[in-house]
Amino acid sequence: MGFLTGLFWFVAVIAACMAAGWLFRTIAIAVTPKGVKKELRTAPLTASFGMMVIIIYIIVAVFAPLIAPFPERMVVGPEYMPWDETHLLGTDNLGRDMLSRLIFGARNTVGIAFATTALAFLIGSILGLLAATVGGWLDQALSRMVDVLMAIPALIFSLLLLTIFGTSVITLIIVIAVIDSTRVFRLARSVALNIVVMDYIEAAKLRGEGLWRLITREILPNAMAPLVAEFGLRFCFVFLAISALSFLGLGLQPPMADWGSMVKENATLIAFGDITPLLPAVAIALLTVSVNFVVDWQLHRASGLKE
Amino acid sequence: MTKTSLLSGGVSRRGVLKGASAIGGAALISSMGARKAQAQPTRGGTLRVAQAHGSTTDSMDPGSWENDFTILQAHTRNNYLTEIAPDGSLVPELAESWEASADAATWTFTIRSGVQFHSGHILTAEDVVASLRHHMGEDSTSAAAPIVAPITDMAVDGMNVIFTLASGNADFPFVLADYHLPMLPSRDGEIDPMTMDGCGPYKIEELEFGVGATYSRHEGYWKSDAAYFDAVEQIVIHDAAARQNALISGEVDYIDSADLNTVHLLQRAPGVVVLSVTGNQHYGLPMDTRAAPFSDNNIRMALKYAIDRQQLVDTILNGYGAVGNDHPIGSGQLYYNTELEQKAYDPDRARYYLAQAGVDSLDVDIHLADAAFAGAVDAGVLYSETAAAAGININVVREPNDGYWSNVWMQLPWCGTYWGGRPTQDLMFSTAYETGAPWNETYWSHERFNELLLAARAELNEDLRREMYFEMQQICSDEGGALIPMFAAYVGAHSDALMHGEQVASNWRNDGHRIAERWWFA
Amino acid sequence: MSHIWSMIAKRLALGLLTLFIVSLLIFGATELLPGDFAEEFLGQAATPETVAAIRRELGLDLPMHTRYIEWLTGVLQGDFGNSLSNRRPVIELISTRLGNTLFLALYAAAIAVPLSLMLGILAALFRNSFFDRFSNASALTSISFPEFFVAYILIFWLAGRGGMFPSMASFRGDPSMAEMLYRTFLPALTLTLVVTAHMMRMTRAAIINLLASPYIEMARLKGMKPMRVIVKHALPNALAPIINVIALNLAYLITGVVVVEVVFVFPGLGQLMVDSVAARDMPVVQAVALIFAAAYVLLNLTADVLATLSNPRLVHRR
């Protein structure tokens, strides 16, 4: 019985998500200009759903103060209040409104994660492609440097750096981005290594194409697929990094709300079957899945497969 | 450190000064008697204790002990000269009796004879001297160095050890119950601080720091009605949820600290008993009284009225504790000032003091980490919310847990702290409030307070002494730099198969860390 | 082939250089951390006199470079020194924990690597089907939960009162292999959930990336079965990025599992490293950092060698 009910809800949720995705795509196709329209028609339901979620997150993040029923840091009642009409999702470990914290959390978490991942990819992929293309001593120097940085476990390294440089949002972004960029570098370099031995690169070199053009016009488009796939994952790893850092007492400064720390703060409740700590975790998961659905769609287009 | 102090239970100060074993012995017997009356302890079983603290970098050296793992290990493996009984009184352990000179500067301790170590060695007076000397001297690396520093000389006379102190101290026998000072076997006047030997109730079978330890019962133990378990196991479980899971699933019998956020849920688990012991452990937010703006007492008073103490006790401690009144003396202690007005959240009064200081709003940073006390950062967030109503803008800066005690505490003007408390009022005040004391975390200096402290230490008249301690608490509360919003109970939990005496000691966690010796399985 | 051998030799030499620089970096960073061993050791109980005494006794008052050179000389002679805090030889402290860490890492890898390769290939084969979306979404969900959270959920379901598995993975004495596999099942499962998605998605992406290539088109036009096309033709050419990601995740399983160790009470190297950093216990920090770095260097080297072997163009590079 329990299994059947579970299955029913599972199917119902998936159906609802797909329906929402379809609705979103229909509306989006109706309101967007011609060029985009054509693109959107190729989007599968999963990608439409993903785009919808991302847009909702962005709206929530931008308009957080207008949407949230209570201020980010206000204590509105006793801790761990159950769900009711005033506090739709109850209160957290200090008696702050859970829903409002989640909404403000969207702003802080998504903003920081995006900035961090973008920075990491900027550094990592440029250096990685450069190393693979130029080769020689530059490749050696960069690769060895990255080797050294990667040989130190990420969590412990960021713990060291953040303790030394302090824990402002900017240092947090830079430290995580630098550590993450080493992973991107490695991937970009290894993908590009396979490309630079291709004949068309040889041809481009013979044509006398400059280094920058070679990288951006010939190598990058062909290395894009694995890099984009990696972007989707790295994006969500940033949440986890912040969460793990708050496990060690080094996350964002209070009373800022971020989902990673919120999971940590309420996590012990799960041992008693309370689902409150699942909420921020689900918020992270939903965004991760959505981003990756969209990434998959783009990946599929990039691969040139027609089916 | 203890809920009830030195003189509770009608034992007079002069009695302890004489230190006759009769008095201590009476206390010992009565507590044993009470235990027997309640339930007959039975031998057997393996006690499995899960502990929240304990690091791979711990050491066997008694001078380095500082966390619950090492201190529980200490009391399971070792004995001390004196013992703090469950009711907070001082009773003899390896010292049979003691006597002080009239000025309390010379103390003669008679050492119990025939006490056997796990290795078979028999305790001598030389062992006592060597065990204490380990913490003394210029090259001492012991955390206990300041506590034993007043001992200027130790002489052996048969089974007697005669201590000469730099100045009179009526509380000296209490000092010897400190967990850093176990009695270890000596050779040529020196102990091996890394030894695993001891004369306590259990002997170490296996020990790995940061992981755990196993013990078996010491069959030659000199106390006949103690140490009921056949074996003891200590397990370090840092994660609160994992610790509670281990108890609920029956993989351990006792956890030394419960997560206060969810303790109400833990209580509902079948077969689990939550044990809360209110002692003198208190959480504080010390202000550096030399630094602006805290150098102005009006600012300090404004901050003291801008904190909602009851809310902190309810939220941070989940009700397991009591509000504090900005002095370190617990309500169970003998000279607790019952006439002192309890400070409460009062934004108007806070504003009044701000006006007295000549400002109408205030911006301050407070530097906190959960290393200071569990929930410190959250406490700061709650505080900043209530203080805002009084025109005080408190900016909570979360500092890394790592290195908190060396970089933040006593380094930045406003931070967080915790104290386990001390067994006597004098020890507490002279440790952290006397001018120039190494741990005077507020850098506070109050002439009248210092005078009273010295006078009370040597005062034998009960009423005069009470008056002095009352005034000291008053001064501390109204002029001190320590903001002490709450006293926190020790909250642990155990399986309902585990039994303990009528009274559970409140000087430390784990029944004064003597759980292995005092508890039993039903 | 000689090209490969010389590459291995060169990389091993470079690996040693990496280890040297890592030791310098870790030493420097630990020095830069506020507070030294003496202060951390005494914590709240520190007084200037005792701090000074400890520094004198352990030679911490010597200048930084002197201490580093002393340490390095010892290591070059095979002596990793003693832990500052409990004076035990570092080798002794580390050996059992290293065994535990490797055991757990191999256990998790033995589940995760075949699983993610299989799922990745199947997802590429049935791309855009319900199976693809579903396995993708569940893998993504499992990695978007923090490790400790996955662990709590598994404990809640599979351990607890009357549960099938113990919530504590620690064991004493000399347990049998089966017992060890049983007791460490939950941590291994947690780690599997944490690393599978990454490897699976890379497998899928790398294969799909190749499916539009003319030679795959050719194979398909010849009437080859889709599964065979993927395993025979696409996979070998997609190996480089896949191996790369596998190596990264294996390194992670060895070096980055401190949170899982804490939740499951598993005595591994991660906890030792974090404790030692907190205590500024330099010899232990350095030794563990070197082990982590060596593990990373070796896995990396293996990945590069395999990736090179998988690409004939690289083997016979001009």
Quick one: net charge around B:Gly168, please, counting Lys, Arg +1 and Asp, Glu -1 for every other residue with C-beta under 12 Å from its C-beta. -3
DSSP-assigned coil residues among GluC sites (Glu not before Pro) in the range B:204-308, each with at most 13 further Cβ atoms within 10 Å: B:Glu219
I'd like to know how the range C:1-128 sits against the 2.2 N^0.38 Å rule of thumb: what's its Cα Rg over that expected value? 1.61
Shielding by other protein chains, C:236-249, mean Cβ within 10 Å: 3
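Does the range B:364-522 classify as rounded, prolate or oblate by the C-alpha gyration tensor (a ≥ b ≥ c root eigenvalues; a/c under 1.5 gives rounded; else a/b over b/c gives prolate, otherwise oblate)?
Taking the square roots of the gyration eigenvalues as a ≥ b ≥ c, the range B:364-522 is oblate.
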In bins 10 Å wide, starting from 0, what share of all Cα pairs of the range C:61-184 does each bin hold, as a percent? 10, 23, 25, 20, 15, 7, 1
For the Cα atoms of chain B, what angle does the longest principal axis make with the long axis of helix B:447-458, in degrees from 0 to 90, nearest 10? 20
Which loop GluC sites (Glu not before Pro) in the range A:1-83, with loop taken from DSSP, have no more than 13 other Cβ atoms within 10 angstrom of their Cβ? none
Counted neighbours (other Cβ, 10 Å), sorted fewest up, put B:Thr46, B:Thr124, C:Thr192 in the order B:Thr46, B:Thr124, C:Thr192
For A:179-188, what's the mean count of beta carbons from other chains sitting within 10 Å of each residue's beta carbon? 2
C:His233: net charge of surrounding residues, Cβ under 15 Å, Lys/Arg +1, Asp/Glu -1, itself excluded? +4
Quick one: B:Thr70, C:Thr73, fewest Cβ neighbours within 10 Å first, how do they rank? C:Thr73, B:Thr70
Using alpha-carbon coordinates, inclination of helix B:376-388 to the longest axis of chain B, degrees: 20
Taking the Cα atoms only, what angle lies between the long axis of helix C:2-32 and the longest principal axis of chain C, rounded to 10 degrees? 40
Three semi-axes of the equivalent ellipsoid, the protein assembly as shown, Cα gyration tensor, whole Å, largest first: 58, 33, 28
So which helices of chain A fit the span-like rule, where a helix is a whole DSSP H run, its Cα atoms reach 24 Å or more along the axis, and its mean Kyte-Doolittle is at least 1.6? A:2-31, A:45-62, A:169-196
Sparsely packed GluC sites (Glu not before Pro) within the range B:121-202, loop by DSSP, other Cβ within 10 Å at most 16: B:Glu138
If you place +1 on the Cβ of every Lys and Arg, -1 on the Cβ of every Asp and Glu, and leave all else neutral, what size is the dipole of the range A:72-306 about its Cα centre, to the nearest 20 Debye? 780
Per-residue Cβ contact counts at 10 Å, fewest first, order B:Met194, C:Met282 as B:Met194, C:Met282
Which value in deg cm²/dmol, rounded to the nearest 500, describes the helix-derived mean residue ellipticity at 222 nm for chain A, given -39,500 (n - 2.57) per DSSP H run of n ≥ 4 and division by the residue count? -24500 deg cm²/dmol
Where does the range A:218-259 land on the Kirkwood hydrodynamic radius, alpha-carbon pairs, in angstrom? 12.2
On average, how many beta carbons from a partner chain sit within 10 Å of the beta carbon of a residue in A:272-279? 3
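When Lys and Arg each count +1 and Asp and Glu each count -1, what net charge do the other residues less than 14 Å away from B:Pro182, Cβ to Cβ, add up to?
Spelling it out: positives minus negatives among the neighbours equals -4.
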Using alpha carbon coordinates only, what is the Rg to Rh ratio of the range A:72-306, with Rh defined as the Kirkwood radius? 1.08
Using only DSSP helix segments of four residues or longer, with each worth -39500 (n - 2.57), what per-residue ellipticity at 222 nm results for chain B after dividing by its residue count and rounding to 500? -8000 deg cm²/dmol
Give the peptides A:286-295, A:200-209, A:222-231 in descending order of average Cβ contacts within 10 Å, highest first. A:286-295, A:222-231, A:200-209
Over 20 Å intervals from 0, what percent of Cα-Cα pairs in chain C sits in each interval? 26, 49, 23, 3, 0
log10 I(q)/I(0), Debye, Cα-only the range C:35-79, no solvent, q = 0.23, 0.29 Å⁻¹? -0.78, -0.96
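Computed from the coordinates by the stated procedures, all read-outs in this text should not be read as laboratory data. A quick note: this is a predicted structure, and the numbers were derived from the prediction, not measured. Note that each Cβ is placed from the backbone with ideal geometry, even for glycine, and that neighbours are counted across all protein chains shown.
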